[in-house]
1. Among the residues of the stretch A:87-94, is there at least one that is part of a helix (DSSP H, G or I) and touching a residue at least 40 places away in the same chain (Cβ under 8 Å)?
2. Suppose we filter the stretch B:4-44 for residues that are surrounded by fewer than 16 Cβ atoms within 10 Å (Cβ to Cβ), touching a residue at least 40 places away in the same chain (Cβ under 8 Å) and over 19 Å from C:ASN39 (Cα atoms); how many remain?
3. A:ILE83 versus (1) touching a Ser or Thr at 6+ places or on another chain (Cβ under 8 Å); (2) within 21 Å of B:ALA142 (Cβ to Cβ): which is the lone unmet condition?
4. Check off (1) at the interface with another protein chain (Cβ under 8 Å from one of its Cβ atoms); (2) within 30 Å of A:ALA137 (Cα to Cα); (3) in contact with an Asp or Glu (Cβ under 8 Å, 6 or more places away or on another chain) for B:ILE144 and give me the number that stays unchecked.
5. Can you pull out the helices (runs of 4 or more DSSP H) entirely within the stretch B:90-173 that have at least 1 residues that are out of contact with any Lys or Arg (no Cβ under 8 Å at 6 or more places or on another chain) and loosely packed, with under 11 Cβ neighbours inside 10 Å?
6. Please work out which residue is surrounded by the most Cβ atoms within 10 Å (Cβ to Cβ), limiting yourself to the stretch C:44-53 and to residues that are of a type outside the set (Val, Ile, Thr) and under 26 Å from the mean Cα position of the chain (by Cα).
7. Please go through the stretch C:54-80 and pick out each residue that is of a type in the set (Phe, Trp, Tyr) and either surrounded by fewer than 17 Cβ atoms within 10 Å (Cβ to Cβ) or assigned to a loop (DSSP other than H, G, I, E, B) (or both).
8. What is the residue count in the stretch A:28-43 for residues that are more than 8 Å from every other protein chain (Cβ to nearest Cβ), part of a helix (DSSP H, G or I) and over 9 Å from the mean Cα position of the chain (by Cα)?
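We did not get these values from a lab; they are worked out from the coordinates using the rules stated. What you see is a predicted model; the values in this text were computed from it and never measured. We place every Cβ from the backbone using ideal geometry, glycine too, and count neighbours over all the protein chains shown.
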Amino acid sequence: MKGMTVIVKTITKLLCGLIFLYGIYIIAHGHLTPGGGFAGGVIIAASFILLILAFGSEEFKEQMGYLYSSIFESVGGLLFLLIALFGLLLGISFFYNFLPKGKLFMLFSSGIIPLCNLAIGIKVGAGLFAIFLAIAASRFIIKE
Amino acid sequence: MIELYILLIVAIGAGIVAVEIKDLLASAISLGVVGFSVAIMFILVQAPDLAIVQIVVEVLTVIIFVGVILKTTHIDTTWTKEKEIRDYLAKGIFAFFAIFFLTFSLLAFKELPGFGKPIMKIASHYLIKGFEEIKAANQVAAVILDFRGYDTLGEATVLFTSVIGVLTILRKIGKTK
Amino acid sequence: MLPYIGCIILFLIGIYAILTKRNIIKIAIGFCLLEYAVNLFFALIGYKKGSLAPIYTQINQQRNFVDPIPQALVLTAIVIGLGTTALLLSVAIRLHEKYKTFDIKEIKRLKE
């Protein structure tokens, strides 16, 4: 698909970093304010999709896009599973909350919830970006 | 809650427009109107987590629909073909099913506790325990990651499977344009 | 009980689109409407009149919250709905490449 006009390109250059930062903020404060892993993950995917929609898919290396999103999605899923298995290694149960709980309303509090939010955020963001690349922005033609 | 009923009427009207209109781009935009009014209804029933996720997911759905429509056909849908006996049979089956479903659902709604008065037997226990033992301020995050963490693992698996499915179906072996 | 009947009507519009339309894009729109209606129904069940969102803001707050369990169930269902719609649309793209049309009455013969 082709890119858009000069106005859209200038505004996108200024805004895409701020949207990415907003997504990271919603993931990190998932246990204090509304949001969490899923909301932050889809916002991160939306910032990358905005970049491709504004500048067109002509100058985008598609193979590297597939490679990096596959790596990040697998890392996110495996991290979530490892955090869950850690409680089993300690001998109590699956998904046991083993980190110290801390004080109320602090950023490093309430056990494994911030780590799980981070893993799910990475996984959902990379997965939705790979879906968009395959459906709407691919440039390959089929070999007859 | 008069705003809830107004938004429900807007959503139903946009749904009928999205299904019946002949132009494909217009029906994709009407789907966006339905999703947006559902997101505002989520705010009115005091669920801010759901509103954030619903707005972004609805925008991504409309983008994917428009991407598919602009890539394949710009022209409208197929409504000039003649109607066979199978089309009338399908409409008859739908009417039968709709009457059946409406009757039984109206009978079942008498058993529900009514709009605005839920029975919170387990939820009151979760609300107290989530604040004093886990020390999390957001109770919905405490429910999905600590009390019901196994369901979140199942959801991660389903999302992974759907991404693998899309990338396998649309795999193209060839040269770039 | 009146908001529940609105959700049921949206659900029936989605089933009407799946059963009687001949274009695959219209069938995909019907699936999407089905997902929106069911998520809305679940979120409306947990509402309590005159309550707040289930987030604590002070140390000793009066506990007057809506039900958090239906919200936790719907939160993952919304993202799964996006995955399902994407899978259906990828099948539609493949069918258009092979048969050059979106009509389901003509997609019947096996391509030689």
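1. Of the stretch A:87-94, the ones part of a helix (DSSP H, G or I) are A:87-89.
Retained after the next criterion (residues that are touching a residue at least 40 places away in the same chain (Cβ under 8 Å)): none.
Checked against the condition, which is being part of a helix (DSSP H, G or I) and touching a residue at least 40 places away in the same chain (Cβ under 8 Å), the stretch A:87-94 yields no hits at all.
2. Here the count works out to 3.
3. A:ILE83 satisfies all of (1) touching a Ser or Thr at 6+ places or on another chain (Cβ under 8 Å); (2) within 21 Å of B:ALA142 (Cβ to Cβ) except (1).
4. (2)
5. Answer list for the stretch B:90-173: B:121-129, B:149-169.
6. C:GLY46
7. Filtering the stretch C:54-80 down to residues of a type in the set (Phe, Trp, Tyr) leaves C:56, C:65.
The answer is C:TYR56, and nothing else.
8. Looking only at that region, the number is 1.
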